[in-house]
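Read the figures in this text as sums done on the coordinates, not as results from a lab. Fair warning: this is a prediction, and the values are worked out from it, not measured in the lab. Every residue, glycine among them, receives a Cβ derived from its backbone with ideal geometry; neighbour counts consider all protein chains shown.
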Amino acid sequence: MNLQQNISLKNYNTFGISVNAKRFISVTSVYELQQLLKTEKDLFLLSGGSNMLLTKDIKKLVVHIDIKGISIDREDNNDVYLTVNAGENWHEFVLWCISNNYGGIENLSLIPGNVGTCPIQNIGAYGVEVKDTITKVEALEIKTGKLHLFPNEVCEFGYRNSIFKNAEKGKYIITSVSFLLTRKNHQLNTSYGAIETELTSKNITKPSLKDVSDAVIAIRKSKLPDPKEIGNSGSFFKNPVISKNQFLELQKENPNMPNYPVSETEVKVPAGWLVEQSGFKGKRFGDAGIHEKQALVLVNYGNASGLEIHQLAQKIQETVSKNFGISLEIEVNVI
Ligand code: EPU
């Protein structure tokens, strides 16, 4: 463990925001983390930095979780059980699975971030959520330094949500995630319109895992900015769920409003559509902006501060609320 002082976190968050970390340490094993917890409890945890907006300097000890390694726990004819350490890059893990013909997470290709944080917000895209393949999450309790296992059923997974964002928030450090993936009879999910279109355009009728992954990568690249080129944190807002009654009222004025029924009484509306209809898509205010191809993504063109991006988000929230009576909830962690 190597303690560094007064470093910029610009390269440690996908928004590319420069704030100062007074003290910074990288840990590469559970043992190191346990040693650290004996003396330090008030930590600022940093993993892939892909779901956070930093608005101020960090005074706490910043702990970069850099624990690597993938192990195969069990394999039979049809399935494979894997445990992946928290510091593995998510997309590299997905590609590794595809090259080994392990199915289940191909639709989650190219999502930024690390494996250790994927359960926290239950990452999801193109009809698949990571909760469908997770068997358990292992985490260190900060108070005691002890390892705890959270089987899937106790993780309270929901849309961009889990127990780690609610009851257990701030109490644990996720050290590894275990998955159950298929080796045969893969259950491909290609029902999402854009995937079908992409596969059809390539004349693929019997897609492989790689075909689906390639299709997802092509779609994401066409719509979402690459954080290496333009700082961003993916979807900045959650897609709001509103009552069916409110939706029916809004539909009278907006007959083309996209919508997805959630239950008999509730409807999900895409935040990207609401932001676009409010006139923000592609707009730029200094170095803070709204992506030109996906209005749900706020971007940092270079030197925007976290506060500037947060102010822009608030302006969007106010306008959407005024126009549609819908309050948009921020999905990334604002710090
Ligand atoms: N839309 C607009 N304008 C926009 C963006 C979207 O009108 O600028 C409309 C589209 O026309 C479409 C609808 O909104 O009718 C849905 O758009 P899209 O399929 O692009 O998906 P999304 O709801 O905007 C969600 C996830 C993404 C995920 C995609 C694909 C959330 C908050 N976002 O976006 O996740 O990749 O579905 O499954 O649920 C992320 O979390 O970082 C992320 C990128």
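Could you calculate the contour length gain from residue 189 to residue 42, that is, 0.36 nm times the residue separation minus the distance between their Cα atoms, to one decimal place in nm? Please list the in-between numbers first.
Details: separation 147, 0.36 × 147 = 52.92 nm, distance 4.20 nm.
Stretched out fully, the residue 189 to residue 42 stretch lengthens by 48.7 nm.
Take every Cα pair under 8 Å whose residues are at least 6 apart in sequence, average their separation, divide by the length of region 4-65, and the relative contact order is 42 percent. According to the calculation over all Cα-Cα pairs in the chain, the P(r) per 20 Å bin from zero is 29, 59, 13, 0 %. Build a GNM of the chain with springs between Cα atoms under 10 Å apart, and of 199, 248, 181 the one that fluctuates most is 248. Residues considered: 319, 144, 135. Largest GNM mean-square fluctuation over the chain, using C-alpha springs under 10 Å, is found at 144. Between 102, 260, 126, the GNM of the chain built on Cα springs shorter than 10 angstrom shows 260 fluctuating the most. The separation of region 175-218 from region 51-96, counted between C-alpha centres, amounts to 21 Å.
Straight-line cross-link partners of residue 221 among the aspartates and glutamates, defined as a Cα under 19 Å from its Cα and at least 8 positions apart when in the same chain: 92, 106, 196, 198, 211, 229, 292. Helical content alone sets the calculated 222 nm signal of the chain at -7000 deg cm²/dmol, taking -39,500 (n - 2.57) per DSSP H segment of four or more residues and averaging over every residue. Take a quick pass over region 101-215 and tell me how many lysine pairs come in under 16 angstrom between Cα atoms, counting only ones 8 or more apart or on separate chains. Lysine pairs, 8 or more places apart or on different chains, close enough: 7.
Annotated for region 4-65: lysine pairs at least 8 residues apart or interchain, Cα distance under 19 Å, count 11. Looking at region 1-87, the pairs of alpha carbons with a distance over 23 Å make up 34% of the total. Evaluating 6.51 cos²θ - 1.76 cosθ + 1.60 at θ = phi - 60° for every residue in region 266-277, the Karplus couplings come out as 10, 9, 9, 10, x, 4, x, 5, 4, 5, 5, 5 Hz, glycine and proline recorded as x.
Apply 1/(1 + (r/R0)^6) to the Cβ-Cβ distance of residue 101 and residue 229, taking R0 = 25 Å, and write down the FRET efficiency to the nearest 0.05. If you can, show how the numbers build up before the last one.
Working: r = 31 Å, r/R0 = 1.25.
E between residue 101 and residue 229, to the nearest 0.05, is 0.20.
For region 212-335, the direction-averaged projected area of the alpha-carbon convex hull comes to 8.6 nm².
At 0.36 nm per residue, minus the direct Cα-Cα distance, what do residue 159 and residue 259 gain on full extension? Give it in nm, one decimal, please.
34.4 nm
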